[in-house]
Amino acid sequence: MTGPDIKQIESARREIAAHVIETPILPLSSARWNGILPDCASMSLKLELFQQAGSFKARGAYLGISRLSDADRAAGVVAASGGNHALAVSWAAQAAGVDALICMPKATDPARIAGCEALGATVTLHDDMAGAFGAMNKAADAGRALMHPFEAEHMILGAATCGAEYAEQAADIDTFVVPIGGGGLVSGMACAIKQLRPDAQVIGVEPFGADSMSASFAAGEPVAIEKVDTIADSLGAPLAMPLSYAVARAHVDRIVLISDQEMLRAMDIYQNVLRITAEPACAASLAAVLGPLKDELKGRHVGLIACGSNISLTRYSALMSSRES
């Protein structure tokens, strides 16, 4: 299970081209960074937060729903998510004329709930993410098509289209730094990048409080962690799963861990330098290059990804007020 090949990735790119956005890249050296960035040869940022529904998830969600059988379309789809996947499935379902049920934790940012409902989805709220997943599985057992947030071939393939697009846009990048939640993004991007540019490094980034993939790399098999404890709800997967783990293990060079405070600092920098209001997951790549990777990037051509940002100003302000001085 090493992921899609280049022919499959290019076919998927053509399939979604009329429906998703080819998101731009920004050379960070052109911004006013005032010495904040590490001493690397160059650094670029792929602005996937400008994607349909606000994140890279739209790519895989559209692929999954567009490939459903007529019977599955008639039955509708179901997803569990407190974040970007919920919005992506809602958007893709609306685009395809398919009914969507989205199961979300009660603690979800109200702006995300409202966003799903505005896209025509039915939202049900549950005590926590485990409850949301339980409701999703129950609805799938009753006949709805399951749209898993990361453990699905179409989600990995969607992320692979993003990786291929980035490699094509910036031919000089030799080090890609990619956030990890459940592993769909990093596995798909790494799968594409390593086929197109075998000598490039792909470094994954996880929060200390949601390190299921790095724990799985250490164990040599997908494992669950006891507790998720991070502000980055979009990166808060409690376990790695076989498909996304296997593809990531085959193509990702290594994983570094970052703290919530490092993400908050990166969010603040994005706001003050680029005027981007980033959720924690969106800031994870920048947090890694300013933190654990800073001293080893000299002379490297580094590629970051702002993977998505669906966050209300209320939630953003609350997070920033918790930042340590």
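The values are calculated or read from the model by the stated rules, or taken from the named source; none is laboratory data. As the structure is a computational prediction, the values presented were derived from the model and not from experiment. Note that each Cβ is placed from the backbone with ideal geometry, even for glycine, and that neighbours are counted across all protein chains shown.
Observations on the structure shown:
- Segment 272-300: number of residues that are surrounded by fewer than 24 Cβ atoms within 10 Å (Cβ to Cβ) and within 18 Å of VAL256 (Cα to Cα): 10
- Any hit, segment 258-271, residues being surrounded by fewer than 20 Cβ atoms within 10 Å (Cβ to Cβ), touching a strand residue (DSSP E or B) at 6+ places or on another chain (Cβ under 8 Å), under 20 Å from LYS294 (Cβ atoms) and free of Cβ contacts under 8 Å to residues at least 60 places away in the same chain: yes
- Just one of the listed residues (ALA219, ALA210) is under 15 Å from the mean Cα position of the chain (by Cα), farther than 23 Å from ALA164 by Cα and free of Cβ contacts under 8 Å to residues at least 40 places away in the same chain, namely ALA210.
- Counting only helices (runs of 4 or more DSSP H) that sit completely within segment 58-124, those holding 2 or more residues that are surrounded by fewer than 19 Cβ atoms within 10 Å (Cβ to Cβ) and either touching a residue at least 40 places away in the same chain (Cβ under 8 Å) or on the phi > 0 side of the Ramachandran plot (or both) correspond to 70-75, 110-118.
- Count - residues of segment 5-33 that are in contact (Cβ under 8 Å) with a residue 12 or more places away in the chain, more than 18 Å from the chain's Cα centre (by Cα) and in a loop (DSSP other than H, G, I, E, B): 5
- Search result, residues across segment 284-306 that are touching a Leu at 6+ places or on another chain (Cβ under 6 Å) and part of a loop (DSSP other than H, G, I, E, B): ALA306
- Residues of segment 55-86 satisfying the condition of being within 19 Å of the chain's Cα centre (by Cα), small (Gly, Ala, Ser) and either outside the structural domain of ALA111 (by TED's automatic domain parsing) or modelled with pLDDT of 95 or more (or both): SER55, ALA58, GLY60, ALA61, GLY64, ALA79, ALA86
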